[in-house]
Amino acid sequence: MKDIAKELGVSVVTISKVLRDHPDISDETRERVLSYVKKVDYQPNVLARSLVTGRSYLVGLIVPDLLHPFFAEIAKSLSQVIGGKGYSLIIASSEEDPELEAREIRQLQARHLDALVIASCALNNTSIDKLALHNDPYVLIDRNFSKVKSNFVGTDDEAAGRIATEHLIQMGCRRIAHISGRNNSTGYGRLQGYQAALQSHGLRYRKEYVVSRPHVDADSIDQGKQAMQILLGREIRPDGVFCYNDPLAIGAMEKIFEEGLSVPDDIAVIGCGNLHYDSSLRIPLSSIDQQSHAIGRRAGEVLLEIIESKVPKPPQKVVLEPTLIARLSTMRNSAAHSDGPKVKTKK
């Protein structure tokens with residue numbers, strides 16, 4: 001930085017401020033410095049900066065599955081937000097194993113990361129309590145713990161379940177099943193929404209129509225096929241299925257096709273996540289958009305506020321509203337006779 005400052009005839013402090021994106025610099029000076037930095041391919045010494053600031057400029061993200069498109073989209077938008085402020089993202093997978101998740105949290109803590117973003121697969125808040133005990137900054141995404149006052153960014157899961165189920169009802173379905181999630185805030189919320197929609201429309205809730213699997217984020221497509229096989233074996237076959245997420249829904253549709261049945265006329269299927277599988281699917285999948293990009297972006301914004309604030313900030317809870325994306329997997333011929341409102345479709 002001394003060499004750059006000498007070459008441009010400015011102070012080292014000015015160079016430092018430009019590299020830290022400090023607002024107290026004129027646009028002309030900022031442009032001169034950045035242009036020269038790019039020309040000479042200057043790389044800041046992150047270790048030296050960490051010794052001065054006490055920060056590692058690293059953020060950890062722990063998700064249930066690295067290959068799940070929902071978490072990949074969150075990671076992408078999160079990385080863009082924090083990258084603009086000079087932070088880098090380290091990603092780890094819990095493989096839907098609470099013990100592995102706890103180990104990943106401990107290992108990332110040992111690296112003295114500046115903060116963690118966690119989509120927890122745990123059914124209790126033990127690991128989260130330990131983070132709070134050590135005053136380590138963190139943001140929960142997608143799954144929350146009711147007994148913990150923590151920063152959280154996610155979707156209104158009860159609304160997601162209600163919207164999905166009401167859409168199937170509007171499409172003429174009357175025997176609606178649910179391939180459910182784990183017994184956490186996300187799974188429970190979507191189940192509650194499913195039940196509330198049935199009740200509000202005077203439809204019977206059948207316990208045998210709710211099928212859960214040991215995994216819903218890892219090996220999801222196979223888990224969806226297995227769950228659908230169970231539902232197809234019921235004495236009275238369902239005519240609609242709301243799936244906890246899109247990969248489960250894809251597996252459910254594959255099993256329906258294998259049995260020689262039609263989607264959506266025999267069984268309508270809707271997922272959750274809106275993960276853009278359309279080009280690879282025989283029947284485009286209706287889904288509930290959880291705003292995965294917005295979750296990653298807002299989580300990054302909340303996280304930067306925590307890290308860069310000079311005083312402790314009260315926990316923030318950001319709950320985004322889900323929306324229906326209707327495609328061919330729910331557009332039944334019988335929908336023409338439904339009393340429900342018309343919906344816009346995407347092909």
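Coordinate-derived values only; no laboratory data. Note that the coordinates shown come from a computational prediction; the quantities given were computed from them, not determined experimentally. Neighbour counts run over all protein chains shown; Cβ positions are idealised from the backbone, glycine included.
So for the chain: antiparallel DSSP bridges make up what percent, rounded to the nearest 5?
10
Taking a 25 Å limit on the Cα-Cα distance, which of the listed pairs 85/147; 2/313; 147/310; 76/130; 130/313; 207/255 fall beyond it?
Those over the limit are 85/147; 2/313; 147/310; 76/130.
Quick check: pseudo-label points 7 Å beyond the Cα along Cα→Cβ at residue 3 and residue 261, how many nm apart are they?
Reported label-point gap for residue 3 and residue 261 is 6.9 nm.
By counting other Cβ atoms within 10 Å of each Cβ, how are 205, 138 ranked from fewest to most? Display every interim value, and only then the final one.
Numbers: 205 13, 138 22.
Ordered from fewest to most neighbouring Cβ atoms within 10 Å, 205, 138 come out as 205, 138.
Mind giving me the FRET efficiency for residue 21 and residue 67? R0 is 45 Å, r the Cβ-Cβ distance, nearest 0.05 is fine. Present the calculation step by step, with values, prior to reporting the outcome.
Details: r = 34 Å, r/R0 = 0.75.
Efficiency, rounded to the nearest 0.05: 0.85.
Shape verdict for the chain, please, from the Cα gyration tensor: rounded (a/c under 1.5), prolate (a/b greater than b/c) or oblate.
Prolate shape, in that a/c is at least 1.5 and a/b is the bigger ratio.
Calculate for the chain the 222 nm mean residue ellipticity that helices alone would give, adding -39,500 (n - 2.57) per DSSP H run of length 4 or more and normalising by residue count, nearest 500 deg cm²/dmol.
Working: 12 runs with 146 residues, N = 347.
My calculation for the chain gives -13000 deg cm²/dmol from helical runs alone.
Answer rounded, prolate or oblate for the stretch 2-44, using the Cα gyration tensor with square roots of eigenvalues a ≥ b ≥ c: rounded when a/c is under 1.5, else prolate when a/b is larger than b/c, else oblate.
Rounded shape, in that the Cα axes give a/c under 1.5.
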